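Structure, as structure tokens:
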Amino acid sequence: MKLVTYSTGLFNIAYYVCKHGMELDNITKDLLRQKIEEDPDFEPGLTLLAVDEKDKPLGFIMGVIRKRKNGKTGYIKLLAVLKNFRRRGIATQLYSAIEKEMRKRKVKVIRVYESYPNYFMPGVDPFYTEAVCFFERNGFTKFNDCSNLKADLVKQDFNTEKEERKLRAGGISIKRATKKDFEPMIKWIRRNFAAWEPEVRAAFENKPISLHIAKKDGKIIAFSAHETNNRGTGWFGPMGTSKAARGKGIGGVLLKRCLKDLKNAGFKSSIIPWVGPIPFYMHYVNSKVERVFWRYQKVLKN
């Protein structure tokens, strides 16, 4: 077995490994390109394929290094080994090469999969039992969990006229963002939810713009977006409301507006990822837990 540095010419091999090695997920070529080549921190040297002596694919790994407030954080963004070749040390060799490079680059912490703003999963699905065992054997510690919810779009109409009339009576207006809203939106997001700026920028690139905003006295107080990550899958989010404006039902209206967009685009369901407040989403759109993810990290000690 040998490790090969990823290049565009090897995309189809990487796709084959991910499609067949991540059997609980629906990997498309377009989605994988988003995850690999459209990642702003993509580096071929942190993206490797494992092949046998005849160059047949065995495994794939993608690591990224993000600049965070507290320094560099490394991520194992994708990791897959074909089912018939597991438990032969392939994942270990792939991971060891990535960790070695991250140590050289002074990365202090490595996390698994949750490489926002461009990420595929917010953690390890425990039904990938081999992955759970692998990361724990390699020194990773579980520190949290989260859920992806699924909202049915067929049986709901997401009409918000009544709620919006009530909000307008209180001086709050809601609309789809336009190009003129870009600069004030970016300024607002930097003050309130800085980590979501890349996804907000992505929403403005969609046609139509996939971002809705709430305003009071001409100032932005809340927003919601969709199709900003994992495009083509009915992905909702991010969404946020200023602290002073919470508890008024604004978030519920913004959520429904986005899901109505997705329904009109032909999606039959929407994924609401990396959720904390499950009751909020179930209350407004009857969403249900679809998958649970365990979050892992490893502190690198030099």
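Listed here are the residues, each with its yes/no results for (1) within 19 Å of Asn230 (Cα to Cα); (2) among the small types (Gly, Ala, Ser); (3) surrounded by fewer than 24 Cβ atoms within 10 Å (Cβ to Cβ).
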site: Ile36; (1), (2), (3): yes, no, yes
site: Pro40; (1), (2), (3): yes, no, yes
site: Gly63; (1), (2), (3): yes, yes, no
site: Gly71; (1), (2), (3): no, yes, yes
site: Ala80; (1), (2), (3): yes, yes, no
site: Ile90; (1), (2), (3): no, no, yes
site: Ser96; (1), (2), (3): no, yes, yes
site: Glu101; (1), (2), (3): no, no, yes
site: Lys104; (1), (2), (3): no, no, yes
Pick from segment 277-289 the residues that are under 20 Å from the mean Cα position of the chain (by Cα) and under 17 Å from Val154 (Cα atoms): which of them is surrounded by the fewest Cβ atoms within 10 Å (Cβ to Cβ)? Lys288
Scan segment 45-64 and tell me whether some residue there is among the acidic types (Asp, Glu), in the same structural domain as Lys83 (by TED's automatic domain parsing) and within 14 Å of Ile98 (Cβ to Cβ). no
Applying the selection to segment 252-276, what residues are crowded, with 19+ Cβ neighbours inside 10 Å and among the basic types (Lys, Arg)? Lys256, Arg257, Lys263
Among the residues of segment 39-53, are any assigned to a loop (DSSP other than H, G, I, E, B), within 22 Å of Tyr128 (Cβ to Cβ) and modelled with pLDDT under 95? no
Which number in (1) farther than 30 Å from Arg86 by Cα; (2) part of a loop (DSSP other than H, G, I, E, B); (3) hydrophobic (A, V, I, L, M, F, W, C) marks the one condition that Phe120 misses? (1)
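What do you reckon, is Thr160 in the same structural domain as Leu254 (by TED's automatic domain parsing), closer than 22 Å to Ile213 by Cβ, of a type in the set (Ser, Thr, Tyr) and without any contact (Cβ under 8 Å) to a residue 40 or more places away in the chain? Write out each step before concluding.
Values: in the same structural domain as Leu254 (by TED's automatic domain parsing): yes; closer than 22 Å to Ile213 by Cβ: yes; of a type in the set (Ser, Thr, Tyr): yes; without any contact (Cβ under 8 Å) to a residue 40 or more places away in the chain: no.
Considered against the rule, which asks whether it is in the same structural domain as Leu254 (by TED's automatic domain parsing), closer than 22 Å to Ile213 by Cβ, of a type in the set (Ser, Thr, Tyr) and without any contact (Cβ under 8 Å) to a residue 40 or more places away in the chain, Thr160 comes out as no.
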Of those in segment 133-156 that are surrounded by 11 or more Cβ atoms within 10 Å (Cβ to Cβ) and among the charged types (D, E, K, R), the residue farthest from Val289 (Cα to Cα) is Glu136
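What residue, of Ala203, Ala195, Ala222, is within 28 Å of Thr73 (Cα to Cα), hydrophobic (A, V, I, L, M, F, W, C) and crowded, with 22+ Cβ neighbours inside 10 Å? Give the derivation first.
Numbers: Ala195 fails: crowded, with 22+ Cβ neighbours inside 10 Å; Ala222 fails: within 28 Å of Thr73 (Cα to Cα).
None of the others qualify; the one that does is Ala203.
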Is it the case that segment 236-251 has a residue that's touching a residue at least 12 places away in the same chain (Cβ under 8 Å), surrounded by fewer than 17 Cβ atoms within 10 Å (Cβ to Cβ) and among the β-branched types (Val, Ile, Thr)? no
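Does Arg168 satisfy the condition of being part of a helix (DSSP H, G or I), without any contact (Cβ under 8 Å) to a residue 24 or more places away in the chain, closer than 29 Å to Glu114 by Cα and out of contact with any Pro (no Cβ under 6 Å at 6 or more places or on another chain)?
Numbers: part of a helix (DSSP H, G or I): yes; without any contact (Cβ under 8 Å) to a residue 24 or more places away in the chain: yes; closer than 29 Å to Glu114 by Cα: no; out of contact with any Pro (no Cβ under 6 Å at 6 or more places or on another chain): yes.
For Arg168, the condition - part of a helix (DSSP H, G or I), without any contact (Cβ under 8 Å) to a residue 24 or more places away in the chain, closer than 29 Å to Glu114 by Cα and out of contact with any Pro (no Cβ under 6 Å at 6 or more places or on another chain) - is not met.
Can you name the residue in segment 1-31 that is of a type in the set (A, V, I, L, M) and under 20 Å from the mean Cα position of the chain (by Cα) and, of all such residues, is nearest to Arg88 (Cα to Cα)?
Among them, the one singled out is Met22.
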Regarding Ala97, is this residue in contact with a His (Cβ under 9 Å, 6 or more places away or on another chain) and not in a loop (DSSP other than H, G, I, E, B)? no
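The values are calculated or read from the model by the stated rules, or taken from the named source; none is laboratory data. These figures come from a predicted structure and were not determined experimentally. No Cβ is skipped: glycine too gets one built from the backbone with ideal geometry, and neighbour counts run over all protein chains shown.
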